[in-house]
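These notes concern the structure reproduced below.
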Amino acid sequence: MSFSEFLQQNLQQFWELTGFYNATWQHFVMLAVGLFFIWLAIKKDFEPMLLVPIGFGILIGNIPFNTTAGLEVGIYEEGSVLNILYNGVSAGWYPPLIFLGIGAMTDFSALIANPKLMLIGAAAQFGIFGAYMVALLLGFAPDQAGAIAIIGGADGPTAIFLSSKLAPNLMGAIAVSAYSYMALVPVIQPPIMRLFTTKKERLIKMKPARAVSQNEKIIFPIVGMLLTCFVVPSGIPLLGMLFFGNLLRECGVTTRLAKTASNALTDIVTILLGMTVGASTQASEFLTKETIGIFALGFMAFIIASSSGVLFVKLFNLFLPKAKKINPLIGNAGVSAVPMSARISNNLGLEYDPSNYLLMHAMGPNVAGVIGSAVAAGVLLGFLA
Amino acid sequence: MKKQLLTLIVALVACATVASAQGRRGLRINEVMVTNDSSVVDDYGRHVAWIELFNSTFAPLEISSVYLTNDKNQPKLYPVPLGDVNTEIPPRQHVVFWADGEPNKGTFHTSFVLTPGQDNWIGIYDANGTTLIDEVLIPANLAPNTTYARTIDGEGIWEVRDGGDKYITPSSNNVIVDTNSKVDMFAQQDKDGFAMTIMAMCIVFTALLVLCLCFLAISRIGARVLRSNKIKSAGMTPRELTREEHPEHDSGEEIAAITMALHEHLNAHDAENTILTINKVKRAYSPWSSKIYSLRELPHR
């Protein structure tokens with residue numbers, strides 16, 4: 001072999017390993033999706049904490065490479081760095097850690113002060129099961145339908161947790177869909193809230209919530225965990241960690257642990273979760289007909305969840321005395337996109353009455369939605385796993 | 001002293017819990033062949049009796065130092081040897097012991113044999129040699145090359161398997177599952193998802209309703225306790241406390257109106273003779289010179 005042939009052969013081999021050689025049009029579509037997510041996050045400020053890691057993860061996961069060369073770089077290649085990081089998603093241990101952080105961040109006072117708001121969080125879970133029925137109609141198997149329907153819970157970690165158990169093959173699409181719609185909550189929810197409420201209802205002023213004692217705040221996570229987990233033991237990973245995080249926050253003697261759980265730990269897991277979920281959307285796995293169906297079902301689930309929350313408040317108001325009526329604008333907050341959907345309730349309330357602050361009231365159903373979606377996930381897991 | 005005692009009790013309870021969790025209670029005798037003429041062979045190529053054990057838990061189970069026996073009076077007849085990595089049974093998996101009476105042939109060869117034509121009792125004892133984990137009585141009439149096996153791995157009743165419709169499955173599941181029965185059931189019985197929706201929504205509502213009722217009760221009890229404490233500490237009657245808690249004019253609006261009226265009446269305006277000038281100062285912003293990025297937050301004491 002001459003020297004020039006040797007050079008040519010090695011350069012040829014190198015060329016075959018490059019992304020340019022292995023690229024397909026699907027890769028470019030996914031790269032465009034990743035860039036779109038990053039643009040949404042940076043320019044439009046849509047959930048940057050989620051969409052930047054996911055968007056960049058999509059870029060990382062869709063760099064074309066020769067999958068037969070054994071480079072151990074792909075997220076689905078066992079032993080690769082990305083595959084090791086992805087274990088938290090595939091084995092389902094990132095979501096409970098996120099729930100620990102959510103628990104340590106969340107003040108449940110609004111819910112404790114007005115426990116009946118918990119029922120709004122339960123009603124909004126109808127989005128999940130409405131989507132489940134439609135998914136079955138479209139031909140998905142019950143376990144796949146359950147995994148897709150959980151998008152309606154508007155809870156990314158729960159969606160990842162459940163899909164990793166029920167339909168691991170659809171997890172990438174489900175996770176991206178859930179996070180995308182969570183980012184688009186400010187766009188999706190207000191028209192629904194306007195559609196189902198009258199001007200008079202939007203002006204309902206709710207009484208300020210009573211002050212909640214420290215003891216009640218401590219009892220809440222303990223009783224909450226025991227009750228919900230006794231009803232749905234399959235929800236233990238999510239509910240257990242959520243309430244544990246909240247106890248760390250409220251007990252007053254584990255401030256350092258609560259700070260770590262709500263700051264450093266949550267940040268680390270969010271980075272890893274977002275990036276690996278993004279990277280799991282490899283074009284070959286992601287660009288399928290099913291993905292389009294999942295996105296459509298996810299959108300519908302969000303609409304049903306938001307609508308059922310608002311409509312449930314209207315129904316609930318029929319049984320409440322005039323002085324205790326609930327503003328139906330907080331019904332949308334029954335989906336567990338914390339605190340975006342509560343902020344939307346507040347903003348819309350202020351739009352119609354600049355002195356009507358609904359944020360604290362909306363936080364009640366909002367955190368009840370977190371509990372509700374975790375319970376719903378536990379139910380689906382119990383029935384279908 | 002009390003604190004130390006409490007700590008000791010907590011530690012003891014924790015140790016007991018851990019010890020119990022580490023126990024081998026999930027180990028099960030799963031399938032047994034007493035007379036093996038033409039069935040599976042051991043690692044020496046011989047047809048010998050075998051006992052299949054099953055890890056019914058969802059965690060790996062280390063069985064070294066567990067005792068296998070066929071004599072109730074000698075529970076420590078064959079201790080599973082230490083130091084063999086193969087004695088850790090993966091979750092929901094099996095291991096086969098050859099009952100050939102030749103323990104020198106390896107870890108999985110027992111020191112006892114099973115006797116055809118008579119009842120064979122087999123038991124597994126924990127490392128203490130007294131705690132019986134599982135036992136089975138193999139009937140004397142078990143035909144050659146048939147097994148006595150559980151209908152479902154790790155549970156269920158025992159049945160005779162002849163290798164026809166009922167498979168003989170050493171080191172494998174007694175029930176071969178190729179689909180998820182729960183999913184199949186929902187696919188058949190609940191095609192439109194209506195039943196799932198009703199059941200699941202009922203469960204979600206029940207869980208949150210119970211929580212809601214519980215906290216309504218807790219808040220009422222809390223308020224009552226708080227009130228009685230207040231009555232005791234302030235030395236007031238309940239009526240006096242009620243009057244103090246709800247004065248006749250306690251609404252925010254009324255208090256604000258009174259304050260405004262007083263303000264107007266006393267003409268309590270601030271001195272406003274100073275001239276205020278607002279100049280717009282334009283300064284180019286750069287993150288390199290921004291205090292936000294250059295100053296570090298001091299640690300809290």
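Looking across region B:109-141, the residues that are of a type in the set (A, V, I, L, M, F, W, C) and without any contact (Cβ under 8 Å) to a residue 40 or more places away in the chain come down to B:L137, B:A140.
Assessment of region A:180-202 against the conditions (of a type in the set (A, V, I, L, M), within 14 Å of chain B (Cβ to nearest Cβ) and surrounded by fewer than 24 Cβ atoms within 10 Å (Cβ to Cβ)) yields no matching residue.
Residues in region B:139-175 that are of a type in the set (S, T, Y) and not in a loop (DSSP other than H, G, I, E, B): how many? Steps first, please.
So in region B:139-175, the residues of a type in the set (S, T, Y) come out as B:146-148, B:151, B:167, B:169, B:171-172.
So of that shortlist, the ones also not in a loop (DSSP other than H, G, I, E, B) come out as B:147-148, B:151.
Within region B:139-175, residues that are of a type in the set (S, T, Y) and not in a loop (DSSP other than H, G, I, E, B) number 3.
Checked against the criterion of being touching a helix residue (DSSP H, G or I) at 6+ places or on another chain (Cβ under 7 Å), within 30 Å of A:V52 (Cα to Cα) and within 14 Å of chain B (Cβ to nearest Cβ), the candidates A:A362, A:A385, A:A305 yield just one match: A:A305. A:A175 meets the stated requirement of being part of a helix (DSSP H, G or I), farther than 26 Å from A:V313 by Cβ, in contact (Cβ under 8 Å) with a residue 40 or more places away in the chain and more than 8 Å from chain B (Cβ to nearest Cβ).
Tell me, please, whether a residue that is under 21 Å from B:S38 (Cβ atoms), among the acidic types (D, E) and modelled with pLDDT of 90 or more can be found in region B:80-100. Among the residues of region B:80-100, at least one is under 21 Å from B:S38 (Cβ atoms), among the acidic types (D, E) and modelled with pLDDT of 90 or more, which makes the answer yes.
For the residues A:T228, A:T197, the requirement of being among the polar types (S, T, N, Q), within 24 Å of A:A362 (Cα to Cα) and part of a helix (DSSP H, G or I) singles out A:T228. The sole residue among A:K259, A:K217, A:K205 that is within 14 Å of chain B (Cβ to nearest Cβ), out of contact with any Leu (no Cβ under 8 Å at 6 or more places or on another chain) and not in a helix (DSSP H, G or I) is A:K205. Of the residues A:A377, A:A342, the single one that is in a helix (DSSP H, G or I), under 23 Å from A:G101 (Cβ atoms), more than 14 Å from chain B (Cβ to nearest Cβ) and in contact with a Leu (Cβ under 9 Å, 6 or more places away or on another chain) is A:A342. Among the residues of region A:159-178, just one is modelled with pLDDT of 90 or more and of a type in the set (S, T, Y), namely A:S163. Considering only region B:188-206, I want to know if a residue exists there that is at pLDDT below 90 and more than 30 Å from A:G372 (Cα to Cα). No, region B:188-206 contains no residue that is at pLDDT below 90 and more than 30 Å from A:G372 (Cα to Cα).
Looking only at region A:77-129, residues that are at the interface with chain B (Cβ under 9 Å from one of its Cβ atoms) and not aliphatic (A, V, I, L, M) come to 6 in all.
When B:G129 is tested against (1) away from chain A (no Cβ under 14 Å); (2) buried (at least 18 other Cβ atoms within 10 Å of the Cβ), exactly one condition is not met: (2).
Evaluate the following for A:V370: is it within 22 Å of A:M241 (Cα to Cα) and surrounded by fewer than 22 Cβ atoms within 10 Å (Cβ to Cβ)?
Numbers: within 22 Å of A:M241 (Cα to Cα): yes; surrounded by fewer than 22 Cβ atoms within 10 Å (Cβ to Cβ): no.
Taking the combined requirement at face value, the residue does not satisfy it.
When you check B:G222 against the structure, is it closer than 30 Å to B:L53 by Cβ and more than 27 Å from the chain's Cα centre (by Cα), yes or no? Spelling it out, it is not the case that B:G222 is closer than 30 Å to B:L53 by Cβ and more than 27 Å from the chain's Cα centre (by Cα). Residues that are crowded, with 19+ Cβ neighbours inside 10 Å and polar (S, T, N, Q) were ranked within region B:163-196; the one that is farthest from the other protein chains (Cβ to nearest Cβ) is B:T169. Could you please let me know if B:L77 is free of Cβ contacts under 8 Å to residues at least 40 places away in the same chain and among the hydrophobic types (A, V, I, L, M, F, W, C)? It is true that B:L77 is free of Cβ contacts under 8 Å to residues at least 40 places away in the same chain and among the hydrophobic types (A, V, I, L, M, F, W, C).
The values are calculated or read from the model by the stated rules, or taken from the named source; none is laboratory data. The shown structure was predicted, so the numbers you read here are calculated from the model rather than taken from an experiment. Backbone-built Cβ (ideal geometry, glycine too); neighbour counts: all protein chains shown.
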